[in-house]
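Enquirer: After the structure tokens below, expect a handful of questions from me.
The values are calculated or read from the model by the stated rules, or taken from the named source; none is laboratory data. Fair warning: this is a prediction, and the values are worked out from it, not measured in the lab. Please note: Cβ atoms are built from the backbone with ideal geometry, for glycine as well, and neighbour counts cover all protein chains shown.
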Amino acid sequence: MAKATPRKQASERSSSQSRKRKVTASRASASRAVAARSSVKSRTASVARVQPARVTRAENVPAFSRIAVSSPNALSRPTASLVAASGAKGASFGQLYGLHQTQDPLELKSSVALVMDQDTNEVMLSKNPEAVLPIASLTKLMTAVVVVEAHLPLDDAITITSDDVDTEKNSSSRLAVGSTLSRGELLHLALMSSENRAAHALGRTYPGGLTAFVSAMNAKARLLGMHDTRYVDPTGLNSGNQATARDLATLVKAAYQQPLIRELSVSPEHAVRLGNRQLQFRNTNSLVRSPSWDIGLQKTGYIVEAGRCLVMQASMAGRKFIMVFLDSAGKYSRQADAERVRRWLENAAQKGALTTHASAKVTS
């Protein structure tokens, strides 16, 4: 066999080295690809591990500890200039006081709140509980108490007159002047759907008229020890109807003693026949239609000066609670605040912490 020439040997060595470099480069490329895929998988797995933790933290319910927060401005009292400013700026008294700057662990949207055990009076949460604010249609709860305790015949026919038309806020009503309903139906509509003409007609037809009725409302408030409460009409349309959260909790306890008030206030809806028409009214509190809630009594309220308001008696975590939310910002925020409180209490009950933690007081 002929020997390869030096030139041919050099060519073969060069070709062999080239093949080796290609193989080495290919292996390096494959190795980098594997490492890249491994890195992506590692990052993906890391994200998958971390992401649920972020979601869980966002949904965490604050650990239970009785909450008491207040603003120094909560001790301010309404003045004529404040009333004028509220009307001019379209702001609630609580906003003008700066009460919405008060922070609480549950991040409630209500600037005033109170949650207490109905049976023991143990306060679980208080937020500016001494602030005197307009209470809007929460006023109608006292209207109902006065009517029921007067033992006036519920089947008496009462006709809506022009005197019952709202000239304070010019609010609308589905009860036209000339409509005739029973006192019981007017009471039902006032409590359930916050009907202003119904509430006014109840006060107007009280023995002695409207003046005597409002006097009876204030007398009942004093009898109950509601010392920071004042009523000027049976509807709550006037911002002069004012109270504190503590006083309203007292009112809820008193109203709860009346089975009729309990029944009518939580009624989901009610149909009223007026001549050839049948009008369907619904409860202003959507929570009464929720199967997850056990509500024994409720009342909503709203005027600009008061913000969104809500009082309720409800069973939660194996106990009965009274909840008061005043000056809530947002159409549905008062119900959302009630939901936050319920989750907080039920979470505490599940952990056995509902009655074991000491009070914590924070001043904003």
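Enquirer: Only one of these conditions is not met by R77: (1) modelled with pLDDT of 80 or more; (2) closer than 22 Å to A249 by Cβ. Which number is it?
Expert: Going through (1) modelled with pLDDT of 80 or more; (2) closer than 22 Å to A249 by Cβ one by one, R77 breaks only (1).
Enquirer: Could you check the range 280-292 and list, in sequence order, the residues that are in contact (Cβ under 8 Å) with a residue 40 or more places away in the chain, exposed (fewer than 15 other Cβ atoms within 10 Å of the Cβ) and not basic (K, R)?
Expert: Within the range 280-292, just S286 meets the criteria.
Enquirer: For the structure I just gave you, tell me whether A212 is on the phi < 0 side of the Ramachandran plot, more than 21 Å from the chain's Cα centre (by Cα), assigned to a helix (DSSP H, G or I) and surrounded by fewer than 18 Cβ atoms within 10 Å (Cβ to Cβ).
Expert: Spelling it out, A212 is indeed on the phi < 0 side of the Ramachandran plot, more than 21 Å from the chain's Cα centre (by Cα), assigned to a helix (DSSP H, G or I) and surrounded by fewer than 18 Cβ atoms within 10 Å (Cβ to Cβ).
Enquirer: I'd like the residue in the range 266-288 that is touching a Ser or Thr at 6+ places or on another chain (Cβ under 8 Å) and not in a loop (DSSP other than H, G, I, E, B) and, out of all such residues, is farthest from A221 (Cα to Cα).
Expert: L274
Enquirer: Something else about it: Could you tell me which numbered condition L138 fails, if it satisfies all but one of (1) crowded, with 23+ Cβ neighbours inside 10 Å; (2) part of a strand (DSSP E or B); (3) out of contact with any Phe, Trp or Tyr (no Cβ under 8 Å at 6 or more places or on another chain); (4) among the aliphatic types (A, V, I, L, M)?
Expert: Tallying (1) crowded, with 23+ Cβ neighbours inside 10 Å; (2) part of a strand (DSSP E or B); (3) out of contact with any Phe, Trp or Tyr (no Cβ under 8 Å at 6 or more places or on another chain); (4) among the aliphatic types (A, V, I, L, M), L138 fails exactly one: (2).
Enquirer: Any idea which of L114, L96 is touching a Ser or Thr at 6+ places or on another chain (Cβ under 8 Å) and assigned to a helix (DSSP H, G or I)?
Expert: L96
Enquirer: Hey, any hits in the range 82-89 for a residue that's at pLDDT below 70 and either surrounded by 15 or more Cβ atoms within 10 Å (Cβ to Cβ) or among the aliphatic types (A, V, I, L, M) (or both)?
Expert: Yes, some residue in the range 82-89 is at pLDDT below 70 and either surrounded by 15 or more Cβ atoms within 10 Å (Cβ to Cβ) or among the aliphatic types (A, V, I, L, M) (or both).
Enquirer: Take Q313 and decide whether it is part of a strand (DSSP E or B), touching a Gly at 6+ places or on another chain (Cβ under 6 Å) and farther than 30 Å from K89 by Cα.
Expert: So Q313 fits the description; yes.
Enquirer: Just to be sure I understand, how many residues within the range 321-335 are modelled with pLDDT under 95 and hydrophobic (A, V, I, L, M, F, W, C)?
Expert: Count: 1.
Enquirer: For L114, indicate whether it is of a type outside the set (V, I, T), farther than 24 Å from L224 by Cβ, within 23 Å of the chain's Cα centre (by Cα) and crowded, with 21+ Cβ neighbours inside 10 Å.
Expert: no
Enquirer: Please work out which residue is nearest to the chain's Cα centre (by Cα), limiting yourself to the range 218-265 and to residues that are assigned to a loop (DSSP other than H, G, I, E, B) and of a type in the set (S, T, Y).
Expert: Looking at the filtered set, the residue picked out is T244.
Enquirer: Does L152 satisfy being in contact (Cβ under 8 Å) with a residue 12 or more places away in the chain, in contact with a Pro (Cβ under 9 Å, 6 or more places away or on another chain), more than 22 Å from E263 (Cα to Cα) and surrounded by fewer than 24 Cβ atoms within 10 Å (Cβ to Cβ)?
Expert: Criteria not met by L152.
Enquirer: Just need a number here: residues in the range 103-114 that are β-branched (V, I, T) and at pLDDT below 95.
Expert: Counting residues in the range 103-114 that are β-branched (V, I, T) and at pLDDT below 95 gives 0.
Enquirer: May I ask you to say which residue of A314, A306 is under 26 Å from N238 (Cβ atoms), hydrophobic (A, V, I, L, M, F, W, C) and either surrounded by 22 or more Cβ atoms within 10 Å (Cβ to Cβ) or at pLDDT 95 or above (or both)?
Expert: A306
Enquirer: Separate question: Being without any contact (Cβ under 8 Å) to a residue 60 or more places away in the chain and closer than 20 Å to A254 by Cα is the filter; apply it to the range 155-198 and report the residue that is surrounded by the fewest Cβ atoms within 10 Å (Cβ to Cβ).
Expert: Checking each candidate, the answer is G184.
Enquirer: Modelled with pLDDT of 95 or more and over 30 Å from R289 (Cα atoms), is that true of H227?
Expert: Yes; evaluated as a whole, the condition is true for this residue.
Enquirer: Oh, and also: What residue, of A353, A338, is over 26 Å from A254 (Cβ atoms), hydrophobic (A, V, I, L, M, F, W, C) and either part of a loop (DSSP other than H, G, I, E, B) or modelled with pLDDT of 95 or more (or both)?
Expert: So the residue among A353, A338 that is over 26 Å from A254 (Cβ atoms), hydrophobic (A, V, I, L, M, F, W, C) and either part of a loop (DSSP other than H, G, I, E, B) or modelled with pLDDT of 95 or more (or both) is A353.
Enquirer: Still on this structure: Pairs only if they're at least six apart or on different chains, beta carbon under 6 angstrom, first in the range 325-348 and over 16 Å from L99 (Cα atoms) and without any contact (Cβ under 8 Å) to a residue 60 or more places away in the chain, second of a type outside the set (A, V, I, L, M, F, W, C) and assigned to a loop (DSSP other than H, G, I, E, B); list them, first residue then second.
Expert: Qualifying pairs under 6 Å: none.
Enquirer: Further question: Which condition from (1) at pLDDT 70 or above; (2) part of a helix (DSSP H, G or I) is the one that V69 breaks?
Expert: That leaves (2) as the condition not met.
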